[in-house]
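Down below is the structure, laid out as structure tokens.
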There are 2 protein chains.
Amino acid sequence: MTNIKDLAKMSGVSVSTVSRVLNNHPYVSAEKKAAVLKAIECTNYNRNINAVHLSRGKTQLMGVVLPVTDTPYFALLLKGIAKRALENDYKLVLFQIDYAEEKEIEALQMLKQKQIDSLIICSRKCELALIQEHIQYGTIVLCEKTTEKSLPSVFIDHYEIFFQALEYLYQKGHKKIGYSVGRKTGSNSSLREQAYRDFLEKYKLPFYSDYIMDDCLYFEDGEKVMQRLRSMDIQPTALIITSDQVAAGIMIECQKEGISIPEQLAVIGFNNEPIAKMMNITTIDIPLVELGGDLFLQAYHGYNSNKQISVKLIERETV
Amino acid sequence: MTNIKDLAKMSGVSVSTVSRVLNNHPYVSAEKKAAVLKAIECTNYNRNINAVHLSRGKTQLMGVVLPVTDTPYFALLLKGIAKRALENDYKLVLFQIDYAEEKEIEALQMLKQKQIDSLIICSRKCELALIQEHIQYGTIVLCEKTTEKSLPSVFIDHYEIFFQALEYLYQKGHKKIGYSVGRKTGSNSSLREQAYRDFLEKYKLPFYSDYIMDDCLYFEDGEKVMQRLRSMDIQPTALIITSDQVAAGIMIECQKEGISIPEQLAVIGFNNEPIAKMMNITTIDIPLVELGGDLFLQAYHGYNSNKQISVKLIERETV
DNA sequence: TTGTATGCGTTATCAT
DNA sequence: ATGATAACGCATACAA
């Protein structure tokens, strides 16, 4: 492997001059530049980027923490992040951590160790305090509401939108409303449960713990939801499902069983995934790709702000 | 930032001893080790990983090239890769390159520059010769049949399976068969077209160029397929669709229009995605997660082999 | 078992 | 405009 020292020797200049040519610095004469360029050409030279990183203290690498990549929510978020990364010539280090907290901490470690310049945490499991400790080592951006915690974030207000969806169903006459989430852990789920409990409180409605169904991430989980529904003494008349693909699974299951939607069961999906449009599912439109892009840009520029992304309910035919 | 030099000074040993402690080398006395450990504790020391990389010439980073991450095919492949990476404590650098060849070359560059130790190319656009040139810099594993090109790979035989699907439809009485692909570029698509042409040749069937439909990646593209079908003078009686989610889109569209499947239109999907099971779609089962895992392991161990993953047709109710 | 000295490849500082 | 040299932080061959 040839290095700049070799190049310097070959082209009869110093290493500094070679470095200047490599980095397009001004103040280097045309002849010398040509000589260096020629040497680079001849030797098929390649810069050792690790040396550059060590010297500069930066890596042009951004970490992305997410539990899984094969659900629409995270896939679209990642799509938005990756798109902006591509535009800005930044590389992404993927931490697909499958809800393992220790791996989340590992990502924080990598920031500390300067292997990555910044970090986007799409879904958090560790304590906020731990994240706080690490912001000194690089930019960290969260995808949850952190306005009062002085941590950078781009987020949607899950409490607000969930409450809104519940109100919508209530206006339509529903009093027994269940819902599904991906995982019970995570700040989004907490916010949703809070909204749910506040809603019940507001209208003096009873709380049934089995109305909250977790582990609903994939299409086929729609089947599971319907099974659970059957096992309930008092069945809900409406469901809020936090992914359209799960909602679609429910619809297909209902079709098989002859349950008519929305007459016998109302369904609100989430994300406004393409499948929601095709199957006419009433849903919450969340601009996930845009959200991902904003996450990237905020991490990229190191802004310490909190940006809320607005969402809206799209009325279709399942309520 | 404290470094090993500081630690050495603090604990009254040499930098080498500190390094040994850091790397769990044997032959270091308990007292000195304790002293170093204490110094590490006190100073909240962190190793600068870039310096380690420079010194070692390795980064523990593996690159993954793929066009998009939000289609089931690539999402599941990535899932398999990420799973193995997690197990083996390896980090992934994601090149979500959106079919841009120059970005593919950039990944090759990063291998050359030692920013990544190895590279998995899930979908290729650049010349094989270019890849050949780069294997000297690190392990590269492809996800396509490369048996004769002496390039490492884990693959499925798209020609064979496509031909088999065509034969299956022919046995069922279909003579006008169309198909869809994600992109026309890419080796998989070429193989499929070859199988298609050979099939037509074998049974002396006519070739209609509009029977090959590209840009079918997402659920909503099912709508597009049906539109194209309507515009044809002679409509196919059967379709091979290279993603179950597109096939699902087609089924929903057909349901809306009152076209009965398989009576009026037969459909074979691909990948055996969860949606295929729920909607009873006849499909080609491809163990994508396993395939992804094998891609990782081969890149990880640097094996120079060619592993074929077997697939099978799953008969359900759409043919 | 421990320490010294050198290398890794580049950038940055400071002369000239 | 150019060059010498000192960082950057760590690993390791070699000597002791």
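No value in this document is a laboratory result; all are computed from the given coordinates. Predicted model, so just to flag it, every value in this text is computed and none were measured. In this analysis, Cβ positions are derived from the backbone assuming ideal geometry, glycine residues included, and neighbour counts consider all displayed protein chains.
Some observations on this one:
- Rounded to 10°, Cα long-axis angle of helix A:158-171 versus longest principal axis of chain A: 20 degrees
- Residue order, fewest to most surrounding Cβ atoms within 10 angstrom, among B:154, A:289: A:289, B:154
- Shown for A:177, A:131, A:240, A:81: other C-beta atoms within 10 Å of each C-beta, ranked fewest to most, produce the order A:131, A:177, A:240, A:81.
- Assigned charges on the beta-carbon of Lys, Arg, Asp, Glu; the range A:158-285 dipole about Cα centre (debye): 300 debye
- Check: chain B dipole with +1 on Lys, Arg Cβ and -1 on Asp, Glu Cβ, in debye: 1380 debye
- Estimated [θ] at 222 nm from DSSP helical runs (n ≥ 4, -39500 (n - 2.57)) normalised by residues in chain A, nearest 500: -14000 deg cm²/dmol
- Shape metrics for the range A:175-246, restricted to C-alpha atoms - Rg then Dmax, Å: 11.9, 34
- Short to long, the 10 Å bins of the Cα pair-distance histogram for the range B:217-319 hold 15, 41, 23, 14, 6, 1 percent of all pairs.
- Whole-number Å³ per residue for the convex hull built on Cα positions in chain A: 162 Å³
- Inter-copy separations for residue B:26, label at 7 Å along Cα-Cβ, nm, ascending: 6.1
- Positive end of the dipole of chain A (Cβ unit charges, origin at the Cα centre): among A:118, A:18, A:314, the Cα lying farthest that way belongs to A:18.
- Across all directions, the average flat footprint of the convex hull enclosing the Cα atoms of the range A:20-92 is 7.3 nm².
- The shape of the range A:4-47 can be summarised by an equivalent ellipsoid whose semi-axes, obtained from the alpha carbon gyration tensor, come to 14, 10, 10 Å from longest to shortest.
- Debye, to nearest 20: dipole size of the range A:4-47, +1 on Lys, Arg Cβ, -1 on Asp, Glu Cβ: 80 debye
- Chain B: relative contact order in percent, alpha carbon pairs under 8 Å with at least 6 residues between: 17 percent
- Around residue B:46: net Lys/Arg minus Asp/Glu count, Cβ-Cβ under 9 Å: +3
- Fraction of beta bridges assigned by DSSP in the range A:1-134 that are antiparallel (%, nearest 5): 0 percent
- Rounded to the nearest 5, the antiparallel percentage of DSSP beta bridges internal to the protein assembly as shown is 15%.
- Given R0 = 56 Å, the distance between the Cβ atoms of residue B:305 and residue A:315 translates into a calculated FRET efficiency of 0.50.
- Antiparallel %, DSSP beta bridges [both residues in chain B], to 5: 10 percent
- Globularity index of the range B:158-285, i.e. its alpha-carbon radius of gyration over 2.2 N^0.38 Å: 0.95
- Ellipsoid semi-axes in whole angstrom, largest first, where each is sqrt(5λ) of the Cα gyration tensor of the range B:48-182: 34, 16, 13
- Computed from Cα atoms, the angle from the helix B:101-112 axis to the main principal axis of chain B rounds to 30 degrees.
- Helix B:187-202 axis versus longest C-alpha principal axis of chain B: approximately 30°, rounded to the nearest ten.
- For chain B, a Gaussian network of Cα nodes joined below 10 Å ranks B:287, B:26, B:262 by mean-square fluctuation, and the top entry is B:26.
- Here the ratio of the Cα radius of gyration of the protein assembly as shown to 2.2 N^0.38 Å is 1.08.
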